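Trainee: One structure is given below, represented as structure tokens, and several questions about it will come after.
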Amino acid sequence: MKFLDQVKIYIKAGDGGNGSPSFRREKFIEYGGPDGGDGGKGGSIILRSERNLNTLIDYRFQQHHKAERGENGSGQNRTGRGGDNLFLKVPIGTQIFEEDNKTLIYDFKKEGEEFVVANGGKGGLGNTRFKSSTNRAPKKFTKGGIGEEYVIWLQLKTKSCIMKFLDQVKIYIKAGNGGNGSPSFRREKFIEYGGPDGGDGGKGGSIILKSERNLNTLIDYRFQQHHKAERGENGSGQNRTGRGGDNLFLKVPVGTQVFEEDNKTLIYDFKKEGEEFVVANGGKGGLGNTRFKSSTNRAPKKFTKGAIGEEYVIWLQLKTIADIGIIGLPNAGKSSLLAAITNATPKIANYKFTTLNPNLGVAMYDHKEITLADIPGLVEGAHEGIGLGIQFLKHIERCKALMHLIDITNEDLENTYQQVKNELKSYSKELLKKKEIIVLNKTDLLDEDTVKEIVKNFSKNKSSEVVTLSTIEKNSISKIKAKLLSYVS
């Protein structure tokens, strides 16, 4: 599940169509006069906010966007067709900036908001527009206006009140039933003994899960939990087979796992974009009576009904995929760090369990990206359900490396460190095999000599690298970005 919260794109609205210099020419009609129509307006580029998007990743692969040009006017005073507007979908929380990446143009705060970011050019005028009492045959016409073009920045501010996060959902799925076979007989005038001509029923539609890169949550399945594919149509006379039911495609984020109804038995794991998995097969179509014709039964009335499509109750679980997972006790400064090195804006406050859902952010350093996941704070007994419990520990499994954040002002740093390590070990020993960097945060609250002494004592018998950090110092932020990049390269 790739995440991108800032991107630079080029947009170009469509040019207007040219006016026409046409003159009316018809047999036996002299002095027809001008009849040139106006050009059509160029298409505009409109940004629209969508609730089912949580990333700007699509604009990383397509950075140039051009709207359609208006068509030229023509004779008989026909105005050219206007160019279609180009709608670009963005997540709620997206901000538009000018090329300098500082001047704010617009901020999307609600679903369904639209903003015209580049207007299409006006259509040119045909020569009919310039006809007057003194100029009965004007040859003048105008060309269409040039559509606006800009280079803009899109930035996504991820807020918990905006980006609804759901990492587990239970849904009911039902594939389509097969269509029934037909018991039809051929009946035509003057033709006796027509015989059977019943066609087979169509196959029912299957339900297919497909992984998408631009989704980061399963929230859509909270509002629609029942999904049914289309039924196959019945067969009919003249050996016509019924139309098969359309397959139903359900989009899920990369990193989604499919479980049976017990929520324990894993069925499938989506690890790459574009993967497809048939989770429920449609029923086969029934057989028409033609299938049962034989040398001893020339007029069979037998036919079969379509098979029942598969139906299940399944669980979908999403495990966040990020380069770095930020772990630690509540109030260790994880959200402050994420806000300092990325454009994410998680909730920050001086009390425990400020973060209730994983937050994603993208840090840029040396023209490279690092995706970070801020995991809600872990407390003793988290693997048994205490605090936010096991609910978000699974998101750590997909991270390439872990950043263990510790408040340097804690009285017993060793106990604080081991407490989180024990929770990881109790959940899965595989987590202890991941690369780890230990970050002692909030060094700005202590003097330099005290910090050095604490780091020296704490680093003893530690296989992981220990570094210090202050989220209010730019130099410290740059150093931690460089260090994280070395861990994921």
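None of the figures in this text is laboratory data; all of them are computed from the coordinates on show. Everything numeric here is computed off the predicted structure, so don't read it as measured data. Cβ coordinates were reconstructed from backbone atoms using ideal geometry, including for glycine residues, and neighbour counts include every protein chain displayed.
Trainee: Output the Kirkwood hydrodynamic radius of segment 431-489, Cα pairs only, in Å rounded to one decimal. Please report the intermediate quantities before stating the final value.
Mentor: Details: mean 1/r = 0.0797 Å⁻¹.
Result for segment 431-489 stands at 12.5 Å.
Trainee: Please list, in order along segment 416-422, the HN-Hα scalar couplings obtained from phi with the Karplus expression 6.51 cos²θ - 1.76 cosθ + 1.60 (θ = phi - 60°), rounded to whole Hz, x for Gly and Pro.
Mentor: 4, 5, 5, 4, 5, 4, 5
Trainee: While we're on this one: Order by neighbour count: Ser74, Ser426, Ser133, fewest other Cβ atoms within 10 Å first, most last. Spell out each step's value before the answer.
Mentor: Numbers: Ser74 18, Ser426 15, Ser133 5.
Exposure proxy ranking, most exposed first: Ser133, Ser426, Ser74.
Trainee: Under 1.5 on a/c is rounded, so check that first for segment 206-250, then, if it is not, pick prolate when a/b is larger than b/c and oblate when it is not; a ≥ b ≥ c are the square roots of the alpha carbon gyration tensor eigenvalues. Intermediate values should be presented prior to the final figure.
Mentor: On the way: a/c = 6.95, a/b = 2.84, b/c = 2.44.
Here segment 206-250 falls in the prolate category.
Trainee: Right, next: Using the structure shown, list the pairs from Lys400/Lys452; Lys27/Lys131; Lys41/Lys89; Lys421/Lys460; Lys421/Lys442; Lys174/Lys210 with a Cα-Cα distance above 25 Å, or answer none. Could you put the intermediate results ahead of the total?
Mentor: Details: Lys400/Lys452 29 Å; Lys27/Lys131 22 Å; Lys41/Lys89 22 Å; Lys421/Lys460 16 Å; Lys421/Lys442 21 Å; Lys174/Lys210 16 Å.
Among Lys400/Lys452; Lys27/Lys131; Lys41/Lys89; Lys421/Lys460; Lys421/Lys442; Lys174/Lys210, the Cα-Cα distance tops 25 Å for Lys400/Lys452.
Trainee: What number do you get for segment 1-157 when its Cα radius of gyration is normalised by 2.2 N^0.38 Å, N = residues? Present the calculation step by step, with values, prior to reporting the outcome.
Mentor: Working: Rg = 21.0 Å, N = 157, 2.2 N^0.38 = 15.0 Å.
So the Cα radius of gyration is 1.40 times the expected 2.2 N^0.38 Å.
Trainee: Which residues' amide hydrogens lie under 5 Å from the amide hydrogen of Ala118, considering only partners 5 or more residues apart or on another chain, with H built in the peptide plane?
Mentor: Under 5 Å from the amide H of Ala118 lie the amide H atoms of Ile45, each far enough along the sequence or on another chain.
Trainee: Moving to a separate point now. Whose amide H sits under 5 Å from the amide H of Asp407, counting only residues 5 or more places off or on another chain, with H placed in the peptide plane?
Mentor: Close amide H contacts, sequence-distant or interchain: Asn441.
Trainee: Over the chain, what relative contact order in percent results from Cα pairs under 8 Å that are six or more residues apart?
Mentor: Values: 1464 pairs, mean separation 61.6, N = 489.
For the chain, the relative contact order is 13 percent.
Trainee: Only helical DSSP H runs with n ≥ 4 go in: add -39500 (n - 2.57) per run for the chain, normalise by residue count and round the 222 nm mean residue ellipticity to 500 deg cm²/dmol. Before the final figure, lay out the partial values.
Mentor: Details: 6 runs with 57 residues, N = 489.
After summing the helix terms and dividing by the residues of the chain, the value is -3500 deg cm²/dmol.
Trainee: Quick one: order His404, His65 by neighbouring beta-carbon count within 10 Å, fewest to most.
Mentor: On the way: His404 22, His65 16.
Exposure proxy ranking, most exposed first: His65, His404.
Trainee: To continue, here is another question. So for each of 12-25, 230-243 I average, over its residues, the number of other beta carbons within 10 Å; can you give me the resulting order with the highest mean first?
Mentor: Details: 12-25: 23.0, 230-243: 20.4.
Answer by packing, highest mean first, reads 12-25, 230-243.
Trainee: Skipping prolines and chain starts, which residues have an amide H placed within reach, meaning under 5 Å, of the one on Tyr106, given they are 5 or more residues away or on another chain?
Mentor: Ile96
Trainee: Quick one: 3J(HN,Hα) in Hz for segment 309-318, Karplus 6.51/-1.76/1.60 with θ = phi - 60°, rounded, Gly and Pro as x.
Mentor: x, 5, 9, 8, 10, 10, 10, 10, 10, 10
Trainee: In which sequence would His64, His227, His367 go, from the one with the fewest C-beta neighbours within 10 Å to the one with the most?
Mentor: Details: His64 8, His227 16, His367 5.
Ranked by crowding around the Cβ, least crowded first: His367, His64, His227.
Trainee: If the chain between Ile29 and Glu98 were fully stretched, how many nm would it gain, using 0.36 nm times the residue separation less the Cα-Cα distance?
Mentor: Working: separation 69, 0.36 × 69 = 24.84 nm, distance 5.67 nm.
Answer, rounded to one decimal: 19.2 nm.
Trainee: Through the Karplus equation 6.51 cos²θ - 1.76 cosθ + 1.60, θ set to phi - 60°, convert the phi angles of segment 251-267 into ³J(HN,Hα) values in whole Hz; use x for Gly and Pro.
Mentor: Running phi through 6.51 cos²θ - 1.76 cosθ + 1.60 with θ = phi - 60° gives 8, 9, x, 4, x, 7, 10, 9, 10, 6, 4, 6, 6, 10, 7, 6, 9 Hz.
Trainee: Also, I was wondering about something else. Please state, rounded to one decimal and in Å, the Kirkwood hydrodynamic radius that segment 122-281 gives when every pair of distinct Cα atoms enters the mean of 1/r. Spell out each step's value before the answer.
Mentor: Working: mean 1/r = 0.0458 Å⁻¹.
Radius from the Kirkwood sum: 21.9 Å.
Trainee: Could you compute the net charge surrounding Lys140? Neighbours are other residues with a C-beta less than 12 Å from the C-beta of Lys140; K and R count +1, D and E count -1.
Mentor: On the way: positive: Arg129, Lys131, Lys139, Lys143; negative: none.
Neighbour charge sum, excluding Lys140 itself: +4.
Trainee: Can I ask one more? Of the listed peptides 105-115, 464-474, what is their order by residue-averaged count of other C-beta atoms within 10 Å, with the highest listed first?
Mentor: Numbers: 105-115: 14.4, 464-474: 16.3.
The packing order, highest mean first, is 464-474, 105-115.
Trainee: Could you point to the label whose value was computed as Cα Rg over 2.2 N^0.38 Å for the structure here, given (i) 1.01; (ii) 1.41; (iii) 1.81?
Mentor: Entry (ii).
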